[in-house]
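Just so it is clear, none of the values below were taken in a lab; they were calculated from the coordinates. This one's a predicted model, so the numbers in the text were calculated from it and none came from an experiment. Quick reminder, even Gly has a Cβ in these numbers, built from the backbone with ideal geometry, and neighbours come from all protein chains shown.
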Amino acid sequence: MSYRLLVLLLTLIAAGRGLAQTTPEAVRTTLPLRSVTVALNQAELEHRGTVTLPAGRSTVWVEGVAGSLSAESIQVQTSDNAQLLTVSSEAVRPPAGKTPTDSLNLLDARLRRLDAEVKALEEEKNFLLANRTLPTGMQAGWSTELQKGAAFLRTRLPDIQTQTETLGATRQQLTLRRNRLTNGTSGPQRQRVVLLLELPRAATVTLTLRYVNANCQWELQPEIRVPEAARELRINSFANVSNGSGLDWTGVQLRLKNEEVEDDVTKPDLTPWSMNFRRSIGGEGRVDKFVVKGNATGQATAVEPSSVYVVPEPVSLPEGEDYLVRLPEQTLPARPEYIAIPKLSEKVYLMAKVTGWERLFLPDEEFDANVYYAGTYVGETEVDPRAFNDSLEVSLGYDKLITVGRTKTQDFNGKAGLNGQQRIRVTYEINLRNRHAQPVRVRVLDQIPVSQESDLKVKLESSDGAQLDEASGKLTWLLTLGAGASQRVRFTFTVEYPKDKTVDFQRPRAIKSPKFR
């Protein structure tokens with residue numbers, strides 16, 4: 001070997017040793033979990049702590065994080081004495097070959113106890129089946145006892161079957177857990193966050209780590225309470241928080257975010273909607289069930305932010321368990337109003353109309369709530385805060401002291417003049433009575449048909465002052481009934497169509513309705 005080649009080889013070896021010396025081992029650390037912000041479909045976990053590092057570049061392994069964190073959501077903040085170069089995450093598998101003996105012993109003891117319970121149930125079942133008949137010569141006079149025994153068998157045998165199936169399912173879960181322990185896969189795959197930091201000099205660095213976990217949610221369980229006067233609405237709510245992060249929460253600051261977080265926020269593109277007699281490309285798309293009637297006027301009101309609620313006390317919640325948070329009571333002024341739809345129901349419903357509901361801590365989507373009126377449970381109502389109306393209506397059940405009836409006083413079907421058109425003329429009469437000791441305000445709803453054909457004409461002849469929404473055919477009366485008073489309203493409409501066509505009027509069977517004259 002030449003002298004020049006030997007020098008080159010020694011130089012490369014020395015450089016390799018120097019490179020190895022400048023790449024120290026990673027620094028392992030754990031950052032305490034400080035706060036959790038739970039949305040309706042995911043949670044953001046925040047860890048915060050310190051780590052002491054030498055001067056230069058250091059690789060830091062942050063362990064003790066959730067196993068199913070979203071790598072794309074990782075955010076890291078450092079104190080001013082360090083510069084963050086890269087952030088990544090990697091899976092950490094549990095060490096192989098280490099079997100937790102204590103856990104196996106506990107599982108074996110539980111399995112033996114389960115087997116003993118199953119065997120005892122089998123023995124009881126065999127005993128009952130073997131004693132279904134009485135010994136010969138003892139049947140006389142035992143009919144009562146036989147009936148008792150038969151009834152006992154009918155109830156006890158299904159119970160034994162149910163308990164046996166439950167114990168079998170539990171045994172299957174324990175056996176699976178034991179197999180995982182034996183094979184060295186006792187828990188879910190863990191992850192760690194890998195940081196590359198650079199420091200001008202040795203120092204203690206403060207790290208804040210945030211990431212998203214999709215296995216945590218919370219669900220609102222609201223109840224609406226309205227006093228007897230129905231002049232205010234009180235919402236008492238509980239939030240059921242589920243911890244599926246894989247980490248125990250110990251004294252964390254818990255926040256509830258009242259929205260679903262979408263991962264994809266890309267603006268959609270409106271492509272052409274092409275149509276011919278063979279097919280349509282593009283489609284009708286989504287159609288809301290709410291309609292804005294008219295134009296809103298006036299000044300906009302400032303809406304207080306209510307999307308996040310901070311639980312005042314620290315929360316400790318083991319992994320896999322739920323936590324119930326009682327939210328502060330929310331109160332809004334309400335205006336009572338009775339609504340009658342006699343075409344569909346003989347009941348008159350009491351509604352509480354609430355304004356300013358935008359500031360309430362409510363889900364964005366439609367939800368069900370238990371309703372208590374005057375301290376009594378009246379049922380479950382459907383609430384949709386996304387309604388475009390300026391007030392939110394909450395049903396408080398029906399009022400037995402207000403009665404409504406609907407009768408048909410005219411039903412004509414014949415020709416209309418010399419043009420040969422067929423004509424249907426119908427008159428309905430609606431009667432209401434207030435048996436309260438005070439006046440009430442009632443909104444009465446009915447309707448006339450809406451034509452979808454050019455040669456089918458529908459005309460409202462009279463309505464006793466009702467407001468007509470021509471698009472829907474809905475009629476609305478706003479009536480004030482005095483104490484013990486009754487009132488009657490009528491409406492008449494006609495339907496004309498060519499004599500060579502027919503109209504399905506869908507006449508129902510006659511029903512009796514009360515009249516109050």
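Couple of notes before you dig in:
- For Val27, the residues whose modelled amide H falls within less than 5 Å of its own, excluding neighbours fewer than 5 places apart on the same chain, are Thr59, Val60, Trp61.
- The stretch 402-497 shape via C-alpha gyration tensor axes, a/c threshold 1.5: prolate
- For the stretch 405-412, the Karplus equation 6.51 cos²θ - 1.76 cosθ + 1.60, evaluated at θ = phi - 60°, returns couplings of x, 9, 10, 9, 9, 8, 8, 9 Hz by residue, with Gly and Pro reported as x.
- Equivalent ellipsoid dimensions for the stretch 455-502 as semi-axes, Å, which come from the Cα gyration tensor, largest first: 31, 12, 7
- Ordering Trp273, Trp357 by the number of other Cβ atoms within 10 Å of each residue's own Cβ, fewest first, gives Trp273, Trp357.
- Listed values for the stretch 157-170 are Karplus-derived 3J(HN,Hα) couplings in whole Hz (6.51 cos²θ - 1.76 cosθ + 1.60, θ = phi - 60°), namely 4, x, 5, 4, 4, 5, 5, 5, 5, 5, 5, x, 5, 5, and x replaces Gly and Pro.
- Our summary gives the stretch 402-497 a relative contact order of 36 percent, counting only alpha carbon pairs under 8 angstrom and 6 or more residues apart.
- Environment charge at Ile402 (Cβ cut-off 10 Å; Lys +1, Arg +1, Asp -1, Glu -1): +3
- The H on the amide N of Arg34, modeled in the peptide plane, is under 5 Å from the matching H of Glu46, His47, Arg48, each at least 5 residues off or on a different chain.
- Among the listed pairs Lys347/Lys459; Lys474/Lys499; Lys457/Lys499; Lys353/Lys474; Lys343/Lys501, those beyond 18 Å (Cα-Cα): Lys347/Lys459; Lys474/Lys499; Lys353/Lys474; Lys343/Lys501
- Cross-link partners of Lys119 among aspartates and glutamates (Cα-Cα below 17 Å; sequence separation of 8 or more within a chain): Asp108, Asp159, Glu165
- Under 12 Å, Cβ to Cβ, from Thr480 - net charge with Lys/Arg +1 and Asp/Glu -1: +1
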